[in-house]
Amino acid sequence: MFVQALRLASAFTRPVVISTRSARGECRGVVAACTVVNRDGWVLTAAHVLGLLRRFEEEADRFRAYRAEVRDLERATASFDTARKRKLRHLEVPAPDSARDCSAWWGADGAVLKDIRLMPASDLALGRLEPFDPAAVAHYPAFKVPDADYAPGRGLCRLGFPFHEIAPTWDEARGAFVLPPETFPIPSFPIEGMLTRFMSAPPPEAADGDAGRGTYIETSSPGLQGQSGGPVFDASGAVWAIQSHTRHLPLGFRPRTPEEPKGPAMHQFLNVGIGVHAEAILALLDEAGVAHERTAD
């Protein structure tokens, strides 16, 4: 059903790898996805992907500020000076798991995301990759217009990069992360599901009291870690949504396992995927003046 659509979507779906080195020196890689919009290098992804990157960048800034304060104190006072020791004790030490270095890899070496626009209530982000080679993308997407036959019951598919562990290392001499050769190629993974419902809800990880509710679609299958920011498309390859997050709907029963009939009761859930509605996608692209293709109906 999705064979040809998957070929098309694979052309405009790119991995995003966020690499971090913690204050204790451990390196870690987080994988997400982005959807290339046009030949100018504009891409869509989930706003929470950029939110995670921003959090790591802020932690790295605090770590550098802390190290700078320590160096200044060490230069300004004698090594066994009591005042120096007192000031050092009062410095806020970064948490061991916080980031001291971070970077994002946008599916091509050297590419940087610029001109970023966010639609936080809809968990949607838009940016332009630079440099960008338009010849590297064999097919660009068409976005489904939401005012024609945009209804529950449609079979959809989402694409991203789950089930792939990435272990970056830190090159001290270069001051940069290195992705090992076995990282590539990063395999994609599709998962299909039916469009079930529409909803208006706060974005994932919204704090209590945050204003704004985005419009989303729900599908009968979950989004997987590594698919955030990837496309949700139909059998023709038209993009209906951008993957945002997964919800866990309680089924209302708690069976015990056959192996442990007297063991603990287990809550059962249906995991459903939540994608940013095409209405929000097209509104953001229009607002930014970004060229894109739409379906005829």
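The values are calculated or read from the model by the stated rules, or taken from the named source; none is laboratory data. Being a predicted model, the structure only gives us computed values, none of them experimental. Note that we place each Cβ from the backbone using ideal geometry, even for glycine, and neighbour counts take in every protein chain shown.
The sole residue among ILE191, ILE274, ILE217, ILE242 that is over 24 Å from GLU165 (Cα atoms), surrounded by 13 or more Cβ atoms within 10 Å (Cβ to Cβ) and touching a strand residue (DSSP E or B) at 6+ places or on another chain (Cβ under 7 Å) is ILE217. Checking the stated criteria, ALA235 turns out not to satisfy the condition of being touching a residue at least 12 places away in the same chain (Cβ under 8 Å), under 21 Å from GLY41 (Cβ atoms) and part of a loop (DSSP other than H, G, I, E, B). If you go through the range 97-131 and keep only what is part of a strand (DSSP E or B) and of a type in the set (Gly, Ala, Ser), you end up with ALA99, SER103, ALA104, ALA125, GLY127.
Within the range 9-26, restricting attention to residues that are surrounded by fewer than 21 Cβ atoms within 10 Å (Cβ to Cβ) and modelled with pLDDT of 95 or more, the residue that is nearest to PHE63 (Cα to Cα) is SER22.
Only one entry of SER244, SER221 meets the criterion of being under 22 Å from PRO190 (Cα atoms), in a strand (DSSP E or B) and among the polar types (S, T, N, Q), and that entry is SER244.
Close Cβ contacts (under 6 Å, 6 or more residues apart or on different chains) running from residues in the range 272-297 that are in a loop (DSSP other than H, G, I, E, B) to residues that are surrounded by fewer than 16 Cβ atoms within 10 Å (Cβ to Cβ) comprise ASP297/ALA148. Within the range 86-117, the set of residues being of a type in the set (Lys, Arg), surrounded by 13 or more Cβ atoms within 10 Å (Cβ to Cβ) and modelled with pLDDT under 85 comprises LYS87 only. Selection over the range 132-150 of residues that are more than 26 Å from PHE198 (Cβ to Cβ), in contact (Cβ under 8 Å) with a residue 40 or more places away in the chain and either among the aliphatic types (A, V, I, L, M) or in a loop (DSSP other than H, G, I, E, B) (or both) gives a count of 5. The set of residues in the range 233-244 being in contact with a Lys or Arg (Cβ under 7 Å, 6 or more places away or on another chain) and farther than 12 Å from PHE12 by Cα consists of ASP234, TRP240, GLN243.
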